[in-house]
Every structure is written in structure tokens, then in C-alpha cells.
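The structure appears right after this line, and notes come after that.
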Amino acid sequence: MKYLRWNDSYSVGIDAVDFEHQTLIEMINMIYAELDDRRDIDEIRRTVADVHTEISAHFALEERIMRDGHYDEYEAHKNDHEELLDQIRTMMDAIENDGEAALEMLSEQLADWFSAHFATFDARMHSKFGPSH
């Protein structure tokens, strides 16, 4: 399983956003650890629900910053957020029906999505709102 590691290229230059990104990475890695340790499915289910809650709150922060800053890519960025939240909700439903197979798929999708989102949407957000602007 590929654990996520924070690196400076993920930084958007806004302390609150960067802190939450680091927290989300830790939570996703917690899912990985629980899967590796073959934890109880109910415990993993709770962790996934916690990740969904944290991600929702984080996206609200990012979206407020973008709206307040009249960010021209707000709609596309918000749509990417909504897509991930929909994927997590779908996977949460699948966990109820297909257990560990769905969890494995979720963990891979989270890592892939975050890596791609950091490299594209958040990188562009950094160029607009980072410390040099």
C-alpha cells in the first residue's frame, strides 16, 4: 500500500490549508495502517467516516478562501472536491456490502486523488494565494 508523505510541493502557502492537508494525509495513512494491521471492519469504517468529515470541513475552508479571493478557477476546483466526496460516499456504501475489497479500493483512490489534486488544483491555488502574492 502506498502511504502518502507530505512534501513542500503540496504546500499552497496558506498555513491553515497546509496544516489541514498534513492532517488529512495522516488520516489517510491511518486507514492504510488499519488495513495493513487487518483491523476490525467497523473500526476502519469509523476512520473512513472521520476522513470524510475532515475532508468536507477542509474543502469548505479552501472554497471560502477561493470565493473571498475571487479565484477564477473556483468552480473547477469545487467540482473536483465534490467528485471526491461523492466517491468517498459511494465507497462508504460499498464497504457496507463488500467490506475489505471496497476499503482497499478506497485507499488507493484517496492516495491517487490527493496526489493529483495537490499537483494540479492546489498548485494553481498556491500560485494565486501563496505567500508571494
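The values are calculated or read from the model by the stated rules, or taken from the named source; none is laboratory data. What you see is a predicted model, and the numbers here were worked out from it, not measured in a lab. With ideal geometry, Cβ positions are generated from the backbone for all residues, glycine too; neighbour counts draw on all protein chains shown.
Let me confirm something: among Ser127, Ser107, which residue is farther than 16 Å from Tyr32 by Cα, polar (S, T, N, Q) and either at pLDDT below 85 or surrounded by fewer than 15 Cβ atoms within 10 Å (Cβ to Cβ) (or both)?
After ruling out the rest, the residue left standing is Ser127.
Looking only at the stretch 1-28, which residues are assigned to a helix (DSSP H, G or I), modelled with pLDDT of 85 or more and of a type outside the set (A, V, I, L, M)?
Asp15, Asp18, Phe19, Glu20, His21, Gln22, Thr23, Glu26
Which numbered condition in (1) surrounded by 11 or more Cβ atoms within 10 Å (Cβ to Cβ); (2) under 26 Å from Glu108 (Cβ atoms) is the only one that Asp86 fails?
With respect to (1) surrounded by 11 or more Cβ atoms within 10 Å (Cβ to Cβ); (2) under 26 Å from Glu108 (Cβ atoms), Asp86 is out only on (1).
Of the residues in the stretch 4-16, how many are on the phi < 0 side of the Ramachandran plot and in contact (Cβ under 8 Å) with a residue 60 or more places away in the chain?
Going through the stretch 4-16 one residue at a time, the tally reaches 6.
Take the stretch 58-73 and flag every residue that is assigned to a helix (DSSP H, G or I) and touching a helix residue (DSSP H, G or I) at 6+ places or on another chain (Cβ under 8 Å).
Scanning the stretch 58-73 gives His58, Phe59, Leu61, Glu62, Glu63, Ile65, Met66, Arg67.
Select, from Ile44, Ile28, the only residue that is in contact with an Asp or Glu (Cβ under 6 Å, 6 or more places away or on another chain) and at negative phi.
Of Ile44, Ile28, the one residue that is in contact with an Asp or Glu (Cβ under 6 Å, 6 or more places away or on another chain) and at negative phi is Ile44.
Kindly provide the set of residues from the stretch 110-122 that are more than 9 Å from the chain's Cα centre (by Cα) and at pLDDT below 80, ordered by number.
The answer is none; no residue qualifies.
Could you tell me how many of the residues in the stretch 29-46 are modelled with pLDDT under 85 and either surrounded by 18 or more Cβ atoms within 10 Å (Cβ to Cβ) or in contact with a helix residue (DSSP H, G or I) (Cβ under 9 Å, 6 or more places away or on another chain) (or both)?
11
If you go through the stretch 20-65 one residue at a time, how many are in contact (Cβ under 8 Å) with a residue 60 or more places away in the chain and more than 13 Å from the chain's Cα centre (by Cα)? Lay out the reasoning, then the answer.
We begin by selecting, within the stretch 20-65, every residue in contact (Cβ under 8 Å) with a residue 60 or more places away in the chain; these are 21, 24-25, 28, 31-32, 35, 41, 62, 65.
Within this subset, residues satisfying the condition of being more than 13 Å from the chain's Cα centre (by Cα) are 32, 35, 41, 65.
Qualifying residue count, the stretch 20-65: 4.
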